[in-house]
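The values are calculated or read from the model by the stated rules, or taken from the named source; none is laboratory data. Note that this is a predicted model, so its numbers are computed, not measured. Cβ placement follows ideal geometry from the backbone for every residue including glycine, while neighbour counts extend to all protein chains displayed. The accessibility values were calculated without ligands, DNA or RNA, using every heavy atom of the protein model including side chains. Shrake-Rupley method; radii C 1.70, N 1.55, O 1.52, S 1.80 Å.
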Amino acid sequence: EIIPINKKIIINGNGYTIDCSDRNSAFQISSANVILKNIKIINTNPSDGFPNAAIHIENKENITIINCTIINSKQVYFDGVIKVNAPNTKIINCTIINCTTTQESGAIYVNNQNITITNCTFINNTNNINGAAIRGGGDNTIIENSTFINNNAKTINIGGNNVTIKYCTIEDRT
């Protein structure tokens, strides 16, 4: 089942693995000032309905995701594996591996402003249209010091004003 987060909280998974066993999302965040850290999420595969993202962040601000790993996640619609529809979100030292998205979403789908993605790694992610690793639009988005290995389609496809991509490595794009 989806774990709802509807209050200010810090969740330290201490490396715990959440196996969604080909079911829906792991977390739906609907509160401001939430920190998720040291959590591994595997095998999300929504069969119907919303939310579809492994981590779904909706309309709140000041969300931080640190040292999290998502592996073998499938997402549909416009959600991505991590859906960021909240301003002032930070994704730091996260790894996303072997994830598949459809429509116009990516491993991370950005749909708000002041988003920072730092020191993250994206490996073998696919999308049937574009933006396999990061897709969406948001003013003042920063993607830095991240590595993208063997992601198909356009690795990064993001719009908005003041989008910065710096000190990133892109390898073996198919």
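A few points about this structure:
- Residue-span extension gain [Ile170 to Ile2] - 0.36 nm each, minus C-alpha spacing: 57.2 nm
- At 1.002 mPa s and 20 °C, Stokes D of the range 110-174 from Kirkwood alpha-carbon radius, µm² per second: 184 µm²/s
- Karplus-based coupling profile of the range 139-144, in residue order and whole Hz: 5, 6, 8, 10, 10, 9, with θ = phi - 60° in 6.51 cos²θ - 1.76 cosθ + 1.60 and x standing for Gly or Pro.
- In this structure the amide hydrogen of Asn151, modeled in the peptide plane, comes within under 5 Å of the amide hydrogens of Asn124, Asn125, Thr174, none closer than 5 places in sequence on its chain.
- Three-way shape label, the chain, alpha-carbon gyration tensor, a/c 1.5: rounded
- Size of the range 1-84 as Cα extents on the principal axes (Å, biggest first): 29, 27, 18
- Probe 1.4 Å, all protein chains present, accessible-area order of Asp19, Asp172, largest first: Asp172, Asp19
- Accessible carbon and sulfur surface of the range 114-174 relative to its total accessible area, %, 1.4 Å: 40 percent
- Spin-label pair Glu144-Asn130: with each label point 7 Å from Cα along the Cα-Cβ axis, the two points sit 2.6 nm from one another.
- Structure note, pairs Lys37/Lys60; Lys60/Lys83; Lys40/Lys154; Lys8/Lys90; Lys37/Lys154; Lys40/Lys166: Cα-Cα distances above 23 angstrom occur for Lys40/Lys154; Lys37/Lys154; Lys40/Lys166.
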